Amino acid sequence: MKESYFPQEIEKKWQKVWEDTGAFKTPDISDKPKYFALSMFPYPSGKLHMGHVRNYTITDVIARFKKAQGFNVLHPMGWDSFGLPAENAAMKHGVDPEKWTVENIAYMTKQLKKLGLSYDWNREVTTCKPDYYKWTQWLFLQLYKKGLVYKKEAAVNWCSECATVLANEQVIDGKCWRCDHEVEKKYLSQWFVKITDYAEVLLEDLDKLEGWGDNVKTMQANWIGKSHGAIFKFPVVDAPNGEKIEVPVYTTRPDTVHGITYLVVAPEYKDIEKLTTPENKACVEEYRANARKMTEIERLSTDRVKTGVPLGTHCINPFNGEKFPLWTADYALVEYGTGAVMAVPTHDTRDFAFAKKYNLPLKVVIKPEGKDLNTAEMQEAYTEAGILTNSNEFDGMKNEEAKKAITEKAVKEGFGEFKTQYRLRDWLISRQRYWGAPIPVVYCEKCGIQPVPEDQLPVLLPKDVDFSVVGKSPITTSKTFMETTCPCCGGKAKRETDTMDTFICSSWYYLRYSDPKNDKLPFAKDKVNHWLPVDQYVGGIEHAILHLLYSRFFTKALRDIGLLDFDEPFKNLLTQGMVLKDGSKMSKSKGNTVDPDEIFENYGADTARLFILSDSPPARDFDWSDAGVEGCYKFLNRVWRLVAGNAENISLEKALNFKHNGSLKKENDDLVRVVHMAIKDITNDISNDFQFNTVISKYRELTNAIYDWCGKKSQFDDEDKEVLSFAIISLLKLMSPVAVHLTEEAWHDLGGTTSIHEEPWCEWDENLAKASSITLIVQVNGKLKDKIEADEGLSQDELKELALNSPKVKELTAGKTIVKTIVVPKKLVNIVVK
RNA sequence: GCCCUGGUGGCGGAAUCGGUAGACGCGUCGGACUUAAAAUCCGAUUGGGCGAAUAACUCAGUGCCAGUUCAAGUCUGGCCCAGGGCACCA
């Protein structure tokens with residue numbers, strides 16, 4: 001065994017051996033139980049960053065640990081390889097997006113291999129390859145057949161920088177999730193996926209996800225935004241052309257219905273023209289035009305002063321016969337509820353602000369118990385619970401009860417109903433871009449929209465496109481793509497030029513790993529049912545809503561289509577924290593990035609793996625420090641020297657057959673106990689929330705203990721050698737999921753002929769995983785006063801006796817009365833004195 | 001405004017059940033080895049008080065204020081701060 005640790009040399013060597021021997025291939029059939037460990041697959045942006053390193057190292061250690069524990073582990077990797085950056089590169093530098101993507105994948109693959117990750121590369125999945133996107137298109141058609149995909153004209157989010165539309169989930173604070181550009185509204189005919197059909201079950205099933213953090217679950221629950229309320233219909237009494245119209249509103253406060261003093265419809269409300277008097281028309285038109293021009297940011301800003309204009313018409317409140325005016329205001333959203341709001345200024349903060357501004361009347365209908373409210377004195381809306389007033393037969397009722405009673409009255413008399421409402425909107429999946437999976441439909445002059453027949457898939461991306469066009473999708477410049485024939489009538493037809501949102505591609509990739517080469521189906525049902533759900537999914541919190549919600553929807557939809565039999569894709573989810581440098585997120589613009597390649601080169605992958613796991617628990621943010629890397633490198637050197645320096649005294653055979661014979665020398669017994677404790681603690685720390693930071697501190701403790709033990713010996717007898725062998729081989733095995741190369745090299749140098757990564761996980765003996773004696777803590781009045789080494793088997797009385805005999809205790813209790821003595825077996829005695 | 005996390009030395013962070021607060025590491029300081037340096041090894045490292053600098057002793061200390069308890073970083077109530085998410089969703 002070499003005296004010094006040369007990571008670069010041994011890492012290269014073992015990576016090649018593992019690749020040549022197919023060490024990480026996963027058979028589908030095995031008598032072992034399955035375990036599916038998965039990292040969120042990356043976009044091939046060009047190079048790995050430290051966030052990737054952290055993510056993949058965490059999953060890799062989990063995969064290796066589970067394998068050692070006897071599972072048949074599936075641990076695959078792939079590429080989320082459709083998307084804008086490739087196309088932007090094409091526009092800027094004239095590179096073919098496919099070539100750009102393929103080259104990035106090649107480079108990043110090399111980096112992943114350098115990190116020593118145990119992937120089964122035979123199962124690699126690449127979403128931009130025709131053999132994958134054929135099945136993305138096929139799944140689109142299945143959703144279409146099931147009525148879960150539809151096309152409609154709607155006001156959609158448009159990012160002019162990306163020159164495409166976006167889904168609601170991709171608009172963050174009114175800006176594009178990718179480029180941060182302000183989002184505008186546009187009216188376009190677009191493809192939608194009916195995720196709202198699954199709103200209830202997506203919400204309900206969050207309860208089943210015991211292996212998910214509450215933060216992600218509440219974020220999804222908020223996004224789905226379920227609320228209970230009622231729909232009330234208000235007849236218009238003075239519609240300009242005498243038409244009989246009703247305006248339905250959704251409210252969560254039916255209890256306040258007697259306090260309506262006006263009603264607001266969204267500027268985009270479909271019947272708004274019918275509700276506007278000729279005198280008000282000009283004004284309303286102007287207001288609507290203004291609203292349309294506003295960006296999402298302007299419109300959504302909550303501190304903006306509310307504006308609106310009256311329509312000139314009025315409704316009657318069927319509950320009390322009161323007449324109130326109709327307004328339009330942009331605080332009413334056309335996409336939510338019915339697009340109209342009943343305004344009760346006294347009990348809603350927004351309505352209150354609006355009414356104050358436009359001098360609309362106030363009417364109190366809820367009052368706090370035992371108190372009255374005076375509209376003239378109100379400074380803000382009263383939104384708390386209370387008792388009904390000014391509400392006819394409902395007066396005196398508690399408002400929570402009134403919600404039900406009032407809605408029941410509306411149901412009975414035919415002007416309302418109970419209603420459950422969701423905030424979630426349908427998923428807009430059309431993208432006016434080239435580098436995505438083409439939506440497989442054609443437009444026939446005679447037959448209209450026609451899906452492409454399944455046997456004609458994939459609809460391939462054309463190669464003859466001009467990326468320099470502005471304002472339209474490059475795909476439309478192809479001379480070969482657009483013109484086609486109708487699958488129905490054989491006549492002339494045009495292809496759909498929109499491609500799919502890449503989140504579609506990533507909503508099912510984890511399923512494909514179960515059967516990545518299938519050319520008859522996206523995956524065989526038995527295989528997908530065998531491997532899924534994913535046992536442990538690891539990735540960034542930024543996908544808490546986007547990818548994770550879409551994937552849950554896909555799984556449920558595909559289950560209902562009959563392609564699989566489970567209803568949640570990811571059993572356990574670990575959202576890892578960010579990698580920071582000097583307290584802020586690593587980013588190119590801040591110039592505080594650390595290049596993984598440099599770390600591999602200077603210290604080796606084992607150091608990188610060890611460090612990225614060492615300082616923080618995985619779910620928390622991790623602050624990168626160069627000194628920390630250095631410290632980990634030193635530690636690996638220290639382990640190496642420990643093994644190399646004792647190599648001639650270590651026997652693999654003795655280590656593996658070692659049993660405590662019951663009569664070891666004291667210091668040997670102690671070391672064996674330290675090893676057993678380390679095995680127990682490390683195993684528990686990994687099993688319990690993957691606390692790798694404490695795992696690593698225990699590697700160090702064990703290493704320090706072996707060094708101390710060695711330092712006290714000038715020579716080794718047979719028993720010493722056995723114990724030393726056991727300790728060092730145990731250390732290597734415990735470290736093998738993290739320091740994958742070092743431990744493999746040492747294992748072989750010590751005579752191992754198989755791979756250390758094929759070894760079963762260490763086991764501990766409960767009787768040995770504790771110290772041979774106990775340290776009795778002696779307290780007087782709850783304060784630590786003495787520590788006494790004691791035999792474990794002592795009875796409570798004996799422990800008490802021991803404590804009372806402590807000179808220290810005698811001194812402190814002299815002349816005082818002992819009120820009480822508390823004895824905690826094997827641990828502590830507390831003497832209470834006065 | 002609502003929801004979720006978190007708050008422990010100079011720093012990252014430990015501490016299954018309420019039972020030795022500060023594991024392990026980083027940094028800093030001191031020492032050994034060396035002609036010297038690097039590497040390595042050993043020791044100290046929460047603050048205050050009293051000592052002569054050591055030891056011993058002692059008081060305080062886990063964001064703040066109360067409470068429960070023989071005993072609170074841990075449990076209960078109230079508050080403060082930081083990070084993240086949602087937010088004109090009626």
Give A:ASP455, A:ASP498 a once-over and let me know the one that is more than 33 Å from the chain's Cα centre (by Cα) and either at pLDDT 95 or above or among the charged types (D, E, K, R) (or both). A:ASP455
Can you work out which of the residues in region A:328-342 that are assigned to a loop (DSSP other than H, G, I, E, B) and either touching a helix residue (DSSP H, G or I) at 6+ places or on another chain (Cβ under 7 Å) or open to solvent by less than 10 Å² (accessible area, probe 1.4 Å) (or both) is nearest to A:GLY416 (Cα to Cα)? A:GLY339
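Mind listing just one residue for me: the one in region A:293-333 that is among the polar types (S, T, N, Q) and at pLDDT below 80 and, of those, nearest to RNA strand B (Cβ to nearest atom)? Walk me through how you get there before you give the answer.
Going residue by residue through region A:293-333, those that are among the polar types (S, T, N, Q) are A:295, A:301-302, A:307, A:313, A:317, A:320, A:328.
So of that shortlist, the ones also at pLDDT below 80 come out as A:295, A:301-302.
On the way: A:THR295: 12, A:SER301: 7, A:THR302: 5 Å.
Among those that are among the polar types (S, T, N, Q) and at pLDDT below 80, it is A:THR302.
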Find the residue count for region A:94-136, including only residues that are closer than 23 Å to A:PHE503 by Cα and polar (S, T, N, Q). 6
Conditions first: (1) aliphatic (A, V, I, L, M); (2) touching a helix residue (DSSP H, G or I) at 6+ places or on another chain (Cβ under 6 Å); (3) within 16 Å of A:PRO596 (Cβ to Cβ). A:MET50 passes all but one, so which condition is the exception? (2)
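Sort out which residues of region A:255-289 are of a type outside the set (A, V, I, L, M, F, W, C), more than 16 Å from RNA strand B (Cβ to nearest atom) and surrounded by fewer than 24 Cβ atoms within 10 Å (Cβ to Cβ), and write them in order of number.
Here is the first cut: in region A:255-289, the residues of a type outside the set (A, V, I, L, M, F, W, C) are A:255-256, A:258-259, A:261-262, A:267-271, A:273-274, A:276-281, A:285-288.
Remaining after also requiring more than 16 Å from RNA strand B (Cβ to nearest atom): A:273-274, A:276-281, A:285-286.
Residues satisfying the conditions are A:GLU273, A:LYS274, A:THR277, A:PRO278, A:GLU279, A:ASN280, A:LYS281, A:GLU285, A:GLU286.
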Name, by its number, the condition in (1) part of a strand (DSSP E or B); (2) within 28 Å of A:SER227 (Cα to Cα) that does not hold for A:THR313. (2)
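The rows are residues; the columns are (1) within 10 Å of RNA strand B (Cβ to nearest atom); (2) open to solvent by 70 Å² or more (accessible area, probe 1.4 Å); (3) under 16 Å from A:PHE319 (Cβ atoms).
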| position | (1), (2), (3) |
| --- | --- |
| A:ASP207 | no, yes, no |
| A:VAL216 | yes, no, no |
| A:GLY229 | yes, no, yes |
| A:VAL249 | yes, no, yes |
| A:ARG253 | yes, no, yes |
List every residue pair whose Cβ atoms lie under 6 Å apart, where the two residues are 6 or more positions apart in sequence or sit on different chains, the first residue falls within region A:129-154 and is more than 21 Å from A:GLY83 (Cα to Cα) and touching a residue at least 12 places away in the same chain (Cβ under 8 Å), and the second residue, located anywhere, is surrounded by fewer than 20 Cβ atoms within 10 Å (Cβ to Cβ) and of a type in the set (Lys, Arg). A:LEU148/A:LYS194
Tell me, yes or no, whether region A:468-475 has at least one residue that is modelled with pLDDT under 90, among the hydrophobic types (A, V, I, L, M, F, W, C) and open to solvent by less than 40 Å² (accessible area, probe 1.4 Å). yes
Going residue by residue through region A:801-816, is there one that turns out to be open to solvent by 40 Å² or more (accessible area, probe 1.4 Å), near RNA strand B (Cβ under 10 Å from one of its atoms) and either part of a strand (DSSP E or B) or touching a residue at least 60 places away in the same chain (Cβ under 8 Å) (or both)? no
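Please tell me if A:ASN122 is open to solvent by 10 Å² or more (accessible area, probe 1.4 Å), under 30 Å from A:GLN456 (Cβ atoms) and either without any contact (Cβ under 8 Å) to a residue 60 or more places away in the chain or more than 25 Å from the chain's Cα centre (by Cα) (or both).
Values: open to solvent by 10 Å² or more (accessible area, probe 1.4 Å): yes; under 30 Å from A:GLN456 (Cβ atoms): yes; either without any contact (Cβ under 8 Å) to a residue 60 or more places away in the chain or more than 25 Å from the chain's Cα centre (by Cα) (or both): yes.
So A:ASN122 passes the test.
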Give all pairs with beta carbons closer than 6 Å in which a residue from region A:779-794 that is over 15 Å from A:PRO825 (Cβ atoms) meets a residue that is near RNA strand B (Cβ under 9 Å from one of its atoms) and not in a strand (DSSP E or B); count only pairs at least 6 apart in sequence or on separate chains. A:VAL780/A:LEU812; A:LYS785/A:LYS808; A:ASP786/A:LYS808
Residues of region A:745-800 being within 14 Å of RNA strand B (Cβ to nearest atom), in a strand (DSSP E or B) and open to solvent by 50 Å² or more (accessible area, probe 1.4 Å), which ones? A:THR775, A:LYS783, A:LEU784, A:LYS785, A:LYS787, A:GLU789
Within region A:518-550, work out how many residues are within 16 Å of RNA strand B (Cβ to nearest atom) and over 18 Å from the mean Cα position of the chain (by Cα). 0
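Answer with yes or no whether A:ILE650 is over 28 Å from the mean Cα position of the chain (by Cα) and buried (at least 20 other Cβ atoms within 10 Å of the Cβ). I'd like the intermediate steps shown before the answer.
Working: over 28 Å from the mean Cα position of the chain (by Cα): yes; buried (at least 20 other Cβ atoms within 10 Å of the Cβ): yes.
Yes; evaluated as a whole, the condition is true for this residue.
The values are calculated or read from the model by the stated rules, or taken from the named source; none is laboratory data. Keep in mind that this is a model prediction, so the values were computed, not measured. So basically every Cβ, Gly included, is an ideal-geometry build from the backbone, and we count neighbours across all protein chains shown. The area values use the complete protein model at the heavy-atom level, side chains included, leaving out ligands, DNA and RNA. Shrake-Rupley method; radii C 1.70, N 1.55, O 1.52, S 1.80 Å.
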